[in-house]
Amino acid sequence: MMPRRSWGRDLRYLALYLLKRALALLVTVLIGVYLTIVVANMGGQVDDLRRVQIRSEAFEQVRADPAFQEMASAERNALVERRVALEVERLRLDEPFILRSVDYLQRAMRLDLGRAEQMHSDAGSRQVRAIIVERLPATLLLFGTANLLVFFSAVGSALWLSRRYGSGVDRLVIALAPSSAAPGWFYGIFLILAFAFLVPLLPPGGMVTAPPPDSRLEYAASLARHMLLPVAAMFLSSIFVSIYAWRTFFLIHASEDYVEMARAKGLPSRLIERRYILRPTLSPIITNFLLMLIGLWSGAIILEQVFNWPGLGSLLFQAIGFRDTPVIIGGVVIFAYLLAVTVLLLDLLYALLDPRVRILGEGRSGT
């Protein structure tokens, strides 16, 4: 049994390791979000367009107001200029872009992005935070369900397939593995054509029927029906290559000497698989899975748009179409946080599961 002092020292080194990784990921997120701010504002050129838009709106408001119809042209122009100046000052467009970009960065990291320029939530709120919080659960539900299904299905299938090396099913999986090169939205298009139009069994898109059912049970049933096609698309885009890769891990470890020794001792095959094959391969399997998850996050925009799924991906797509800079920045920040949390979780699990990862080596080398 490991002494308590050793456990405490190991936990301190683990915490220090995670802190370093978190700080490194935070710097990466900051750089990515700042570049997004610069690109979304076109280096400040969007501000020039916004000033023109402010002036045009102020002029239209003054011209359409009957109270200002009798004013002289010079007075109306002066009134327009005062309104433009107030709006420019409120939006801080009179300050240099470099200063505003840094301020916008620190507010973006806290999702304190104020009001959206064009978009609003279903509840009618124009606050960017409210719009994003409304869309986030839909994305987490869809991608969480699909990825958990892929993980457990692939691990079970790969372990089963490793016992049937060279069989017809094994050769079929190897042949189908390259099909995972196609992204989920590609499969989604064909699934919609097949099961929503040719054989109309499932809805082609959306999250629930309109209007939404009042009963919780009916709402859950409608949600499940709408999730089937997008989950199936993500499943098909990942399952075969995952089974093939993880089955290879299992085959490599199944030929190790300690596994042969366990078989010679007469241990049950289930125990050998669980203790001597599955456990040592968890680190590369989880690494492979979380890297795949990072790739799926990046494809969320197109997939959700194909299925009209009201998540962060479709929100970001719509915001780009509307040129709604605050919502674009907010969506990028959330996706950056999701990617960073995924990588940090990968580091933590890898450090806990793989005894060969010596994150404690630096602290022990000097003792």
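Every number in this text was worked out from the coordinates using simple rules, so none of it is lab data. Please read these numbers as outputs of a predicted model, since none were measured by experiment. Please note: Cβ atoms are built from the backbone with ideal geometry, for glycine as well, and neighbour counts cover all protein chains shown.
Figures for the structure shown
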{"quantity": "Nitroxide proxy distance, nm - points 7 Å out along Cα→Cβ at residue 34 and residue 149", "calculated": "4.2"}
{"quantity": "Length-normalised contact order of the stretch 95-197 in % [C-alpha pairs under 8 Å, at least 6 apart]", "calculated": "11"}
{"quantity": "Stretchable slack from residue 56 to residue 133, in nm (0.36 nm times residue separation minus alpha-carbon distance)", "calculated": "24.5 nm"}
{"quantity": "At q = 0.21 Å⁻¹, base-10 log of I(q)/I(0) for the stretch 105-216 (Debye sum, equal scatterers on each alpha carbon)", "calculated": "-1.24"}
{"quantity": "Label-point separation in nm, residue 111 to residue 189, each point 7 Å along Cα→Cβ", "calculated": "3.3"}
{"quantity": "Inter-centroid distance (Cα atoms) of the stretch 224-280 relative to the stretch 52-130, Å", "calculated": "58"}
{"quantity": "Net charge of neighbours whose Cβ lies under 15 Å from the Cβ of residue 312, counting Lys and Arg as +1 and Asp and Glu as -1", "calculated": "-2"}
{"quantity": "Rounded to 10°, Cα long-axis angle of helix 325-353 versus longest principal axis of the chain", "calculated": "20"}
{"quantity": "Highest-first arrangement of 304-313, 145-154, where packing means the average Cβ count within 10 Å", "calculated": "304-313, 145-154"}
{"quantity": "Leading residue at positive end of dipole, the chain (Cβ point charges), from 267, 199, 150", "calculated": "267"}
{"quantity": "Nearest-0.05 FRET efficiency for residue 348 and residue 256, computed from C-beta distance (R0 35 Å)", "calculated": "0.85"}
{"quantity": "Cα-based radius of gyration of the chain once divided by 2.2 N^0.38 Å, which approximates compact folds", "calculated": "1.32"}
{"quantity": "The chain: angle of helix 45-64 to the longest principal axis, Cα-based, in degrees nearest 10", "calculated": "40"}
{"quantity": "Over 26 Å [Cα-Cα, the stretch 27-173], rounded percent", "calculated": "56"}
{"quantity": "The chain: calculated mean residue ellipticity at 222 nm from DSSP helix runs of at least 4, using -39500 (n - 2.57)", "calculated": "-24500 deg cm²/dmol"}
{"quantity": "Inter-site label distance for residue 179 and residue 64 at 7 Å from Cα along Cβ, in nm", "calculated": "5.5"}
{"quantity": "Crossing angle, helix 216-254 versus the chain [Cα axis fit, 0-90 degrees, rounded to tens]", "calculated": "50"}
